[in-house]
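Visitor: My questions all concern the structure below.
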Amino acid sequence: MATDLRLPTSTIVLPDKDRFLNEENPFEAMMSRFDRAAALLDLDPGIYQVLRHPEKQITISVPVMMDNGEVKVFTGHRVLYNTSRGPAKGGIRFDMAVTLDEVTALAAWMTWKCAVVNLPFGGAKGGVVCDPLGMSVGELERLTRRYTAGIISTLGPDSDVPAPDVNTNERVMAWIMDTYSMHVRHTVTAVVTGKPVEMGGSLGRREATGRGVMFVVREALGHLQRPMAGATVAVQGFGNVGSVAARLLGQQGCKIVAISDRTGGYHNPAGLDVDAAIAHVQRHKTLEGFTGGDALTNEALLELDVDVLVPAALENVITSKNAQRIKARIIAEGANGPTSAGADAILEEKGIFVIPDILANAGGVTVSYFEWVQDRGGYFWSEDVVNERLRDIMTRSFHDVLALSRQHRVNMRTAAYMLSISRVATVHKLRGIYA
């Protein structure tokens, strides 16, 4: 099927936006967790200093000819946080809230996420300060291509591999791939991931994050000796991650009793019809008006007495203010940073088993890795093969973190950071410092 070359701006910006809404993470909380893990590892002071600083921060001016003939100059950033384990990997976002500090912290986050699932990638992030909803398709394309040209010295399948993020999608990745390819004078599909399938994208990529959540929830229920069949699940956030996780958990026998998005939530103790909810969102863009359950607020959904809670929307929704009221036995963090550092100790004291974000939502970057591998090999896998290999990596990574958690008698979040930091630190020790 041919790609529509006349897509409106909303088609480029909105469809993938729910995947990344409010991904502005609690950066200080992340670094406090890093410090705790580093202390437990008795990390070498020199390595500690290396891991606390980004390798490279780039800030560029991005002049763009607007449709009215005026030239507007935007600011773009790209940060490579750590590339000791392989090429930098991380998304590019178009948003007015983009800052260098934010991009740097997100690049660090990507470093630990790639390491915890043992991908041969480092961490990166990029962004342009702009309002894409107020720009035409032509303006967005010119912005994308000029930004790509500005950071092209870092890009490449062996050095820096971007992906979609807030307000960018596979069409934007196609422009980046084309711009890079024109500069090097041959087609390089492996320079970005999250591309259209027609030009080297991977099957299964869109569902990968939600599918990864399902896999780790299945392992957690097994660890706690609880059956999957009939396990009650509440999902906050019904965008790409939350809706896919809900649908797949339902297919595994779980009972999805509550779902929500930014307009509010719906609860049915007997179980919701997830497929009907997905169809409703496809028709109306939100869950508002869904008739499959009783209305409830996002805050109330978090406090339901369920086996599994999947926060898959906003950051900092579970804090010291409401953690004492959380009743779920398992929390699988589909979003980035949904639990504040202050809530961690409360949840641990209550005996709640938390699958941290850098593990629970790593399915997306894992299938991005698969896309990169397929592009480099020029051989593409069936969706069944993609899903099977995703299952293997997510399952193995869950048990790697669980084993470290038991060994050091720490919670899963601390164990995940310990595992990722130790993997990055080990490579630094083996490589040494080039003088």
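The values are calculated or read from the model by the stated rules, or taken from the named source; none is laboratory data. This one's a predicted model, so the numbers in the text were calculated from it and none came from an experiment. Here the Cβ positions follow ideal geometry from the backbone for every residue, glycine too, while neighbour counts run over all protein chains shown. Accessible surface areas use protein heavy atoms only, side chains included; no ligands, DNA or RNA. Shrake-Rupley method; radii C 1.70, N 1.55, O 1.52, S 1.80 Å.
Visitor: Could you tell me which residue out of 223, 196, 172 lies farthest along the dipole of region 151-242 toward its positive end? Charges go on the beta carbon: Lys and Arg +1, Asp and Glu -1, centred on the Cα centre.
Guide: 223
Visitor: To continue, here is another question. Which semi-axes, in whole Å and largest first, does the equivalent ellipsoid of region 98-161 have when worked out from the alpha carbon gyration tensor as the square roots of 5 times its eigenvalues?
Guide: Taking √(5λ) for each eigenvalue gives 26, 15, 10 Å, largest first.
Visitor: Run down the lysines and flag those whose C-alpha is under 18 Å from the C-alpha of residue 285, throwing out any fewer than 8 positions away in its chain.
Guide: Output for residue 285: 17.
Visitor: If packing is taken as the average number of other Cβ atoms within 10 Å across a peptide's residues, how do 422-429, 234-241, 73-80, 117-124 rank, most packed first?
Guide: Highest mean packing first, the order is 234-241, 117-124, 73-80, 422-429.
Visitor: What is the Cα convex hull volume of region 303-355 when expressed per residue in Å³?
Guide: Cα-based convex hull of region 303-355, divided per residue, equals 63 Å³.
Visitor: Sticking with this one: For region 218-326, what D do you get in µm² per second when you plug the Kirkwood radius from alpha-carbon pairs into Stokes-Einstein at 10 °C and 1.306 mPa s?
Guide: Answer, rounded: 115 µm²/s.
Visitor: Another question about this same structure. For residue 72, which aspartates and glutamates qualify as cross-link partners when the Cα separation must be under 12 Å and same-chain residues fewer than eight apart are set aside?
Guide: Here the aspartates and glutamates satisfying the reach criterion relative to residue 72 are 139.
Visitor: Another question about this same structure. Write down the accessible area per residue of the chain in Å², having rolled a 1.4 Å probe over the full set of protein chains.
Guide: For the chain, the solvent-accessible area averages 41 Å² per residue.
Visitor: Pop out the carbon and sulfur fraction of the accessible area of the chain as a percent, whole number, probe 1.4 Å.
Guide: On the chain, the fraction of accessible area on carbon and sulfur atoms equals 50 percent.
Visitor: Right, here's the next one. Using only the alpha-carbon atoms, what does region 128-202 span along each of its principal axes? Please give whole angstrom values in decreasing order.
Guide: 33, 26, 18
Visitor: Sticking with this one: How large is log10 I(q)/I(0) at q = 0.15, 0.18 Å⁻¹ when the Debye formula is applied to the Cα atoms of region 225-286, each weighted equally and without solvent?
Guide: Taken in order of the listed q values, log10 I(q)/I(0) reads -0.39, -0.56.
Visitor: Let me check the size of region 56-138 from its C-alpha atoms; what are the radius of gyration and Dmax in Å?
Guide: 14.8, 48
Visitor: Dipole size in debye (nearest 20) for the chain around its Cα centre, Lys and Arg Cβ +1, Asp and Glu Cβ -1?
Guide: 840 debye
Visitor: While we're looking at this one, here's another question. How much mean residue ellipticity at 222 nm does the chain get from its helices, if each DSSP H run of length 4 or more adds -39500 (n - 2.57) and you divide by all residues, to the nearest 500 deg cm²/dmol?
Guide: -14000 deg cm²/dmol
Visitor: Now for a different question. Can you give me the Rg/Rh ratio for the chain, using Cα atoms for both radii and the Kirkwood formula for Rh?
Guide: 0.96
Visitor: Let me ask something additional. Please compute the Cα-Cα pair-distance distribution of region 75-227 with 5 Å bins starting at 0, giving whole percents from short to long.
Guide: Binned Cα distances yield the sequence 2, 9, 17, 20, 20, 15, 8, 4, 3, 2, 1, 0.
Visitor: With the radius of gyration and the Kirkwood radius both derived from the Cα set of region 33-82, what is their ratio Rg to Rh?
Guide: Radius of gyration relative to Kirkwood radius: 1.37.
Visitor: While we're here: Among the DSSP beta bridges whose two residues both lie in the chain, what percent are antiparallel, rounded to the nearest 5?
Guide: Counting only bridges with both partners in the chain, antiparallel ones make up about 50 percent.
Visitor: Now for a separate question. Rounded to whole Å and sorted largest first, list the principal axis extents of the Cα atoms in region 372-435.
Guide: Taking max minus min along each principal axis of the Cα atoms, region 372-435 gives 40, 39, 13 Å.
Visitor: Oh, and also: What translational D, rounded to a whole number of µm²/s, comes out for region 255-388 from Stokes-Einstein when the hydrodynamic radius is the Kirkwood one over Cα pairs, at 4 °C and 1.567 mPa s?
Guide: The calculation lands on 78 µm²/s.
Visitor: Can I ask one more? Which helices of the chain meet both criteria: a Cα extent of 18 Å or more along the helical axis and a mean Kyte-Doolittle score no lower than 1.0, with helices taken as whole DSSP H segments?
Guide: Membrane-span-like by this criterion, though nothing is claimed about a membrane: none.
Visitor: With N set to the residue count of region 167-246, report its C-alpha Rg divided by 2.2 N^0.38 Å to two decimal places.
Guide: It is 1.55.
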